[in-house]
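The values are calculated or read from the model by the stated rules, or taken from the named source; none is laboratory data. Bear in mind that the values here come from a model prediction, so they are computed numbers and not experimental data. FYI the Cβ positions are ideal-geometry reconstructions off the backbone, even for glycines, and counts take in every protein chain you see. These area figures cover heavy atoms from the full protein model, side chains too; ligands, DNA and RNA do not enter into them. Shrake-Rupley method; radii C 1.70, N 1.55, O 1.52, S 1.80 Å.
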Amino acid sequence: MLAASAAALPLLLGAAGCRSSDAFAGPDPLAGRPPLGHDVLTLQAVIAAEENMIDLYRTASSGVAETPRARLLRSLLAQHEQHLVQLKARLVVPAGASPSPSPGGRASPSRRPSTVSTARLRAAERASAADLMQRLATVPPALAQLFASIAASDATHVTALGG
């Protein structure tokens, strides 16, 4: 019986034999990590931008006396922190890959000025809204909806900041 099974093996495998890719579906574990997809890279870039925006707001609101402006800045900061949570919830990175953007994607605190003007916050909010709107066509609908929502929020922040 064993001899019959061995004789039938070439017929089952075909004349050329069996390659591992014929027997197994999926990525080749010996080929290394596949590159991150466009959606993951885009999401990482947007997360880095949101982290930078949060840094700006933290700098702008730190050490500021309790004033209407300070309350506004803290409110806008809280909204950006919520956006960051929503963005990070969408990030799915393959095992073993770094879930955070490249180290160069985020400015270090030492390069951040000690104060941030309202004009600078308005400009950052405008730039963020424009960047997110440009990305809409390049991502799946669910991610585009999140980006559009954050862009709309950023646009309302410009108005709230007097612009």
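Worth a mention:
- Solvent-accessible surface (1.4 angstrom probe) belonging to T67, in square angstrom, nearest 10: 50
- Here's how it looks for L91: its modeled amide H is under 5 Å from none belonging to a residue 5 or more places away or on a different chain.
- Of the residues D39, D154, ranked by 1.4 Å probe accessible area with the largest first, the sequence reads D39, D154.
- Taking one quarter of the surface of the C-alpha convex hull of the stretch 122-163 gives a mean projected area of 2.4 nm².
- Note on R122: accessible area is roughly 50 Å² with a 1.4 Å probe, heavy atoms of protein only.
- Largest accessible area first, the residues E51, E125, E81 order themselves as E81, E51, E125 under a 1.4 Å probe with ligands, DNA and RNA left out.
- Solvent-accessible ranking of M133, M53, largest area first, probe 1.4 Å: M133, M53
- With the simple model of a label 7 Å out from the Cα in the direction of the Cβ, T42 to T118 spans 3.5 nm.
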